[in-house]
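Rule-based calculations on the coordinates, nothing more; no lab input. This is a predicted model, so every value here is computed, not measured. Quick reminder, even Gly has a Cβ in these numbers, built from the backbone with ideal geometry, and neighbours come from all protein chains shown.
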Amino acid sequence: MAHAAKMSVLLKARIAGAVYLLVFLAGAAAALVSGGLFTLTDAASTATNILLHEQRFWLGFTFNLVVIASYIVVTALFYDLFRPVSKHLSLHAALFSIVGCAVQAAALVFYAAPWVVLSNSKDLGSFSLDQLQALALSGLKLYVQAYNIGLAFFGFYCLLIGCLIFRSGFLPRTLGVLMVFGGLSWLTFLSPPLASYLRPYNIAPGVLGEGSLTLWLLIAGVNAHKWAERANAR
């Protein structure tokens, strides 16, 4: 029974690492396919790019959906993985993550809005071309702001996961420290001017922390013996 439990938690940790990796890959793919389409200071260029490259535009939308769905799976797996350390903290971490995912999912409505506006220009005949382009660009700007609010919630999530890792005993404390610094970096998005000023330096700690945890889970998993001790002590 104990051996089965250890094998189960090792498998669960590696699945979490694999899905976490999917978050990174889908996020990179979203940035790659939609890169160059949007210029938030040029409404005309952005509108032209969206209409000329509709497939790339919607691929970006799809990859962002994959990111959100994958992060929800990671959140569920991490809740179960860290529950023996502190059910209270693990639950709060999961709630922050789910809210962040919900905010970013809602943000995708603003992502899609420019295409809806531009592709249905005949139905909006009372608007001039310049006004339609400006309206489309406003949708993208709202998308960016809403997406960044989601990042702030993930900041709280990473902070709590970092604390749970540090206390766990079944993962290296260094990973916990890196996740805490990563969480602090995502929290800079609570202030859009500050986040804009620090970009891209405020993104690097988050990528480093979550990336390091992802690789560790994939390669080493967790110390199943210490996890079982934690689970049996509760």
*Could you work out how far helix 2-34 tilts from the main Cα principal axis of the chain, as a 0 to 90 degree angle to the nearest 10?*
20
*Can you count the Lys pairs in the chain whose Cα atoms are under 22 Å apart, with each pair 8 or more apart or on different chains?*
5
*Which value, in debye to the nearest 20, describes the size of the charge dipole of the chain about its Cα centre when Lys and Arg Cβ atoms bear +1, Asp and Glu Cβ atoms bear -1, and nothing else is charged?*
1000
_Computed lengthening from residue 61 to residue 231, 0.36 nm per intervening residue step minus Cα-Cα distance_ = 57.2 nm
*Please build a GNM for the chain, connecting alpha carbons under 10 Å apart, and tell me which residue among 138, 119, 128 fluctuates the most.*
128
*Residue-wise, which Karplus ³J(HN,Hα) couplings in Hz belong to the stretch 137-146, taking 6.51 cos²θ - 1.76 cosθ + 1.60, θ = phi - 60°, and x for glycine or proline?*
5, 4, x, 5, 5, 5, 4, 4, 5, 5
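Share of Cα-Cα pairs in the stretch 12-69 beyond 14 Å, in percent?
Values: 969 of 1653 pairs.
That fraction is 59 percent.
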*Calculated FRET efficiency, residue 215 and residue 73, Cβ-Cβ r, R0 22 Å, to nearest 0.05?*
0.80
*Placing +1 at every Lys and Arg Cβ and -1 at every Asp and Glu Cβ, with all other atoms neutral, what dipole size does the stretch 123-233 have around its Cα centre, in debye to the nearest 20?*
480
*List the relative contact order of the chain as a percent without decimals, with contacts defined as Cα pairs under 8 Å and 6+ residues apart.*
25
*If you plug each phi of the stretch 42-54 into the Karplus form 6.51 cos²θ - 1.76 cosθ + 1.60 with θ = phi - 60°, what whole-Hz ³J(HN,Hα) values come out, in order, with x for Gly and Pro?*
9, 5, 5, 5, 5, 4, 4, 5, 4, 6, 7, 10, 4
*Direction-averaged shadow area of the convex hull around the Cα atoms of the chain, nm²?*
13.4
*Give me 199, 167 ranked fewest to most by other Cβ atoms within 10 Å of their Cβ, as a rough exposure proxy.*
199, 167
*asked:* Please give me, ordered by residue number, the chymotrypsin sites (Phe, Trp or Tyr not before Pro) of the stretch 96-156 that lie in loop per DSSP and have at most 15 other Cβ atoms within 10 Å.
replied: 127
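Taking the Cβ of each residue in 101, 158, 163 as the centre, tally the other Cβ atoms inside 10 Å and list the residues starting with the fewest.
Details: 101 22, 158 28, 163 19.
Fewest-to-most Cβ neighbours within 10 Å comes out as 163, 101, 158.
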*Can you pull the one-decimal nm distance between simple spin-label points at residue 173 and residue 207, each 7 Å off the Cα toward Cβ?*
2.9
*Report the residues of the stretch 202-221 in range of a label on residue 11: point 7 Å along Cα→C-beta, backbone N strictly under 11 Å from it.*
none
*Sequence of 8, 90 once ranked by neighbouring C-beta atoms within 10 Å, starting from the fewest*: 8, 90
_Can you compute the modelled spin-label distance between residue 18 and residue 42, with each label point 7 Å from Cα toward Cβ, in nm?_
4.3
*³J(HN,Hα), Karplus 6.51/-1.76/1.60, whole Hz, each residue of the stretch 60-75, x for Gly, Pro*: x, 4, 5, 4, 5, 5, 4, 4, 5, 4, 5, 5, 5, 5, 4, 4
